[in-house]
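**Q** Quick one: this structure, given as structure tokens, is what I'll be asking you about.
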């Protein structure tokens, strides 16, 4: 892998899209759509938690355990999908993972017990983790180096859109249906992402740098080895990227898994009231993704991570720890969403640039999903801590630990802005 210095002065936020070829645009929209629908299916659970607790007579900790199990299985799914994408291709892996998480989200709506819901949600996690691994590598390899941060960050912004769709669906279902039916209908809608599989199969091609690497390996009689990310030359990078992703996702899941419950239980907001507060947070998330994506190519990956982590720490403390009134909390929702989500815009391009092409899927899939697996403990730990502390304070404690970890990892990793991707011999 080589590093090139980008000498151009073009920083227009949409230039990368205008420069893409039709097939590259198709790959972008397929990955973007997959991430939107992935987010929709994942975030449905956070809105359904109060109704699920009532339906199955479970505790906050038991509800948190479902979220934890989903994230843990997604960690394994992401690593496996990353390795498969190095062996069989980014596009085929993307199809499999999208179809998988759609089917198991749908089945969650039929659960007749806590155990069944736990199992369906855990199985859904395999596809959830794998979809990001395949899509982020696909887009990272398609886009030119000087625009990679903006393009992959734009794909990442699809999470906010998927979250918004889940919030709108939840607000509508819980307004027109009894709670015991509304949460099931919400999960049934989760089957819709399966339609994307047909689009990907017909219109999306493999990135040229990956196709060339696969050709070179086939000519030499070699095959990709997913364990190479643990080799002496790569181990430091693998460990530090795992810490980086653990910090980013640990803070995010501590906040977002319990946020609707925090607003309804501690702030005593109605379903519609909660939806209004979440709308502000989601709007902040979407803009945060876009701004962070642009900053990644402007000020660099490391600086952007540290900036967003510090700002996020300050916002979380204000939002969850201080006795502010509901109007102030409404306005604080915007920076909360802006910084908590925006921090992820740099994750895809950074991991893409840190690993060679032959192990990029394995490295990126493992690092991102290792972080998700460790961060998966946070929903459970927040739920457990809330038995002795207010829920808002419990959220703040684990968010603080997570973002400090992210800052340390970012300081120890190299800057990769402008690094060109090359095929491996």
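The values are calculated or read from the model by the stated rules, or taken from the named source; none is laboratory data. Small disclaimer: the values here were computed from a predicted structure and weren't measured. Because the Cβ atoms are built from the backbone with ideal geometry, glycine has one as well, and the counts that use them run over all protein chains shown.
**Q** So if I check each of 384, 347, 329, which one is part of a helix (DSSP H, G or I), modelled with pLDDT under 85 and out of contact with any helix residue (DSSP H, G or I) (no Cβ under 6 Å at 6 or more places or on another chain)?
**A** Working: 384 fails: out of contact with any helix residue (DSSP H, G or I) (no Cβ under 6 Å at 6 or more places or on another chain); 347 fails: modelled with pLDDT under 85.
It is 329.
**Q** Please enumerate the residues belonging to the stretch 200-215 that are in a helix (DSSP H, G or I) and under 19 Å from residue 352 (Cβ atoms).
**A** As a first pass, look at the stretch 200-215 and keep what is in a helix (DSSP H, G or I): 200-203, 208-215.
Across the stretch 200-215, the qualifying residues are 208, 209, 210, 211, 212, 213, 214.
**Q** Is it fair to say residue 247 is modelled with pLDDT of 90 or more, more than 22 Å from residue 373 (Cα to Cα), surrounded by 18 or more Cβ atoms within 10 Å (Cβ to Cβ) and under 16 Å from the mean Cα position of the chain (by Cα)?
**A** Values: modelled with pLDDT of 90 or more: yes; more than 22 Å from residue 373 (Cα to Cα): no; surrounded by 18 or more Cβ atoms within 10 Å (Cβ to Cβ): yes; under 16 Å from the mean Cα position of the chain (by Cα): yes.
It is false that residue 247 is modelled with pLDDT of 90 or more, more than 22 Å from residue 373 (Cα to Cα), surrounded by 18 or more Cβ atoms within 10 Å (Cβ to Cβ) and under 16 Å from the mean Cα position of the chain (by Cα).
**Q** Check residue 416 against each of (1) surrounded by 24 or more Cβ atoms within 10 Å (Cβ to Cβ); (2) not in a helix (DSSP H, G or I) and name the one condition it does not meet.
**A** (1)
**Q** Here's a follow-up. Looking at this structure, is residue 117 within 29 Å of residue 57 (Cβ to Cβ) and without any contact (Cβ under 8 Å) to a residue 12 or more places away in the chain?
**A** Working: within 29 Å of residue 57 (Cβ to Cβ): yes; without any contact (Cβ under 8 Å) to a residue 12 or more places away in the chain: no.
When the stated conditions are applied, residue 117 does not pass them.
**Q** Separate question: Exactly one condition in (1) under 30 Å from residue 355 (Cβ atoms); (2) modelled with pLDDT of 85 or more is false for residue 179; which is it?
**A** (1)
**Q** Still on this structure, please answer the following. Sort through 212, 181 and tell me the only one that's free of Cβ contacts under 8 Å to residues at least 24 places away in the same chain and in contact with a helix residue (DSSP H, G or I) (Cβ under 9 Å, 6 or more places away or on another chain).
**A** Working: 212 fails: free of Cβ contacts under 8 Å to residues at least 24 places away in the same chain.
When all the criteria are applied, what remains is 181.
**Q** Regarding residue 6, is this residue surrounded by fewer than 24 Cβ atoms within 10 Å (Cβ to Cβ), at pLDDT 85 or above and outside any helix (DSSP H, G or I)? First the steps, then the outcome.
**A** On the way: surrounded by fewer than 24 Cβ atoms within 10 Å (Cβ to Cβ): yes; at pLDDT 85 or above: no; outside any helix (DSSP H, G or I): yes.
Considered against the rule, which asks whether it is surrounded by fewer than 24 Cβ atoms within 10 Å (Cβ to Cβ), at pLDDT 85 or above and outside any helix (DSSP H, G or I), residue 6 comes out as no.
**Q** OK, next. Does residue 276 satisfy the criteria of being part of a helix (DSSP H, G or I), more than 29 Å from residue 90 (Cα to Cα), at pLDDT 70 or above and touching a helix residue (DSSP H, G or I) at 6+ places or on another chain (Cβ under 9 Å)? Break it down stepwise before answering.
**A** On the way: part of a helix (DSSP H, G or I): yes; more than 29 Å from residue 90 (Cα to Cα): yes; at pLDDT 70 or above: yes; touching a helix residue (DSSP H, G or I) at 6+ places or on another chain (Cβ under 9 Å): yes.
When the stated conditions are applied, residue 276 passes them.
**Q** OK, next. Kindly establish whether residue 101 is farther than 28 Å from residue 303 by Cα, in contact (Cβ under 8 Å) with a residue 40 or more places away in the chain and surrounded by fewer than 22 Cβ atoms within 10 Å (Cβ to Cβ).
**A** Numbers: farther than 28 Å from residue 303 by Cα: yes; in contact (Cβ under 8 Å) with a residue 40 or more places away in the chain: yes; surrounded by fewer than 22 Cβ atoms within 10 Å (Cβ to Cβ): no.
Here the answer is no, as residue 101 does not meet what is asked.
**Q** Quick check: anything in the stretch 55-73 buried (at least 21 other Cβ atoms within 10 Å of the Cβ), in contact with a helix residue (DSSP H, G or I) (Cβ under 8 Å, 6 or more places away or on another chain), under 18 Å from residue 158 (Cβ atoms) and modelled with pLDDT of 85 or more?
**A** No, the stretch 55-73 has no match at all.
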